[in-house]
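Taking it in order: structure first as structure tokens, then the write-up.
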Amino acid sequence: MYDYLIVGAGLSGAIFAHEATKRGLKVKVIDKRNHIGGNIYCENVEGINVHKYGAHIFHTSNKKIWDYVNQFVEFNRYTNSPIANYKGQLYNLPFNMNTFYALWGTKTPAEVQAKIAEQTEFMKDKEPENLEEQAIKLIGPDVYEKLIKGYTEKQWGRSATDLPPFIIKRLPVRLTFDNNYFNDTYQGIPIGGYNVIVENMLEGIEVELEVDFFENRSELEASARKVVFTGMIDQYFEYKHGELEYRSLNFEHEVLDMENYQGNAVVNYTEREIPYTRIIEHKHFEFGQQEKTVITREYPADWKRGDEPYYPINDATNNAIYAKYLEEANKNPNVIFCGRLADYKYYDMHVVIERALQVVEEELG
Ligand SMILES: Cc1cc2nc3c(=O)[nH]c(=O)nc-3n(C[C@H](O)[C@H](O)[C@H](O)COP(=O)(O)OP(=O)(O)OC[C@H]3O[C@@H](n4cnc5c(N)ncnc54)[C@H](O)[C@@H]3O)c2cc1C
């Protein structure tokens, strides 16, 4: 008899398993995939760590979380500085003095502020009715047309005029020549790849792969005092209050017989006509010197049951459905729901760690 059966060997499940084991409890981890790590899993191809479920960059300003994760792995000095490619023209992201120089030739913060004021003047008194109007009101048509419109429409699979304005609350505009995408104090890629983190968390812990909780539910439930569930909460309750919606992604991985394809880990393609949103060149996350390179084109996709659920669609309808599942979950003290799928929230890795440690604290003290 286990104290905890942990469903999911992603970051959430691995943290709970590690902390429970540290406290002398007996746990077992299962995952339906054939590997541990959940979505942070990397596959080694040509000596390069390929981020199989989308590019992952660790960042946080929380020293406690940074120290926690550094027990398991050391991080390199990678700084995320994506490039946008719009019809063959290159721009730095996030929007900063380099971006504005390439767009308008502006050289000082005052010139940029004057240009943005001029570009947004006509929207001053208008209450935005959709995402397009909201973005133009914030930054003006030049930046919107070249760097926001196509990318956003591909991400959501809908025209920007059919998307609600609240999706873009603010647009980060940086009046410095700083291409660092994140504002956080700590940032990097684990040396040796993300698998090292989860392998070290799960060291000495019983893990069984290619086991789907739902295929053997009653036997698995009976094997432990409690269950920690990090899968989809609506599936756990057999979709009785309806299905929660997601956006999905398709990844096209390619090995190229060249050393360096694009000179940067992340290049966004911001025009609508190109069907993928970005190309990732994985070796640049770790300053790789391999002879070959691996790139991944990322295509946003509609989601249906059975596809990988990547991004929850937290609109009013889905949040209302989730609230019903949460109510059920709260009535069930023998099952602990934790992680991005069980909480139906987009969580960055540092938030997943914070959340899992909070669950550990509540459950294990
Ligand atoms: C495309 C993309 C890019 C991202 N980039 C970043 C980034 O740059 N920086 C960042 O901080 N975060 C990023 N994230 C977020 C990051 O991936 C998550 O925070 C993290 O992986 C979530 O961990 P988790 O354990 O909660 O969920 P998951 O990693 O999804 O793990 C859940 C596990 O449960 C298993 N499971 C589910 N159902 C069952 C079942 N029925 N039976 C058995 N096993 C089951 C799954 O197979 C999976 O392995 C990104 C996310 C996506 C989608």
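The values are calculated or read from the model by the stated rules, or taken from the named source; none is laboratory data. Since we're looking at a predicted model, the values are computed, not measured. Ideal geometry is used to build each Cβ from the backbone, glycine not excepted, and the neighbour counts take in all protein chains shown. Only protein heavy atoms, including side chains, enter the accessible area calculation; ligands, DNA and RNA are left aside. Shrake-Rupley method; radii C 1.70, N 1.55, O 1.52, S 1.80 Å.
Side notes on the structure shown:
- Diffusion constant of the chain at 4 °C, which comes from Stokes-Einstein with the Kirkwood Cα-pair radius and 1.567 mPa s, µm²/s: 58 µm²/s
- Once the chain from residue 107 to residue 254 is taken as fully extended at 0.36 nm per residue, the excess over their C-alpha distance is 49.0 nm.
- Cross-link check: pairs 26/63; 149/331; 63/345; 87/126; 124/345 evaluated at a Cα-Cα cut-off of 32 Å; pairs beyond the cut-off: 149/331; 124/345.
- Solvent-accessible area, 1.4 Å probe, carbon plus sulfur percent, for region 111-269: 45 percent
- Partner lysines whose Cα lies under 20 Å from the Cα of residue 64, excluding those fewer than 8 positions away in the same chain, are identified as 22.
- Calculated FRET efficiency for the pair residue 114/residue 89, C-beta based, R₀ 25 Å, to 0.05: 0.65
- A simple spin-label model places pseudo-atoms 7 Å from Cα toward Cβ; at residue 357 and residue 185 they are separated by 1.2 nm.
- Region 317-365: C-alpha gyration tensor shape, a/c 1.5 cut-off, then a/b vs b/c: oblate
- Portion, in percent, of the accessible area of region 322-365 that falls on carbon or sulfur, probe 1.4 Å: 48 percent
- Partner lysines for residue 292 [C-alpha distance under 18 Å; skip if fewer than 8 residues away on the same chain]: 52, 283
- Separation in nanometres of the label points that stand 7 Å from Cα toward Cβ, at residue 1 and residue 221: 1.7 nm
- One decimal place: the segment residue 32-residue 127 gains 29.5 nm when fully extended, by the rule 0.36 nm per residue minus the C-alpha distance.
- Theoretical gain in end-to-end length, residue 208 to residue 326 [0.36 nm per residue, Cα-Cα removed]: 39.7 nm
- With a threshold of 19 Å on the Cα-Cα distance, the over-threshold entries among 169/304; 154/304; 115/137 are 169/304.
- For region 98-188, the solvent-accessible area with a 1.4 angstrom probe is 55 square angstrom per residue.
- Each helix, a run of at least 4 DSSP H residues, gives -39500 (n - 2.57); summed and divided by the residues of the chain, these come to -8500 deg cm²/dmol at 222 nm.
- Per residue, region 208-365 exposes 49 Å² of solvent-accessible protein surface, assessed with a 1.4 angstrom probe and all protein chains in place.
- A Cβ-based charge dipole, computed about the Cα centre of the chain with Lys and Arg at +1 and Asp and Glu at -1, lands at about 660 debye.
- Within the chain, longest stretch free of exposed GluC sites (Glu not before Pro) [DSSP loop, at most 15 other beta carbons within 10 Å]: 292-365
- Axial C-alpha extent at least 20 Å, average Kyte-Doolittle at least 0.0 - helices from the chain (DSSP): 349-364
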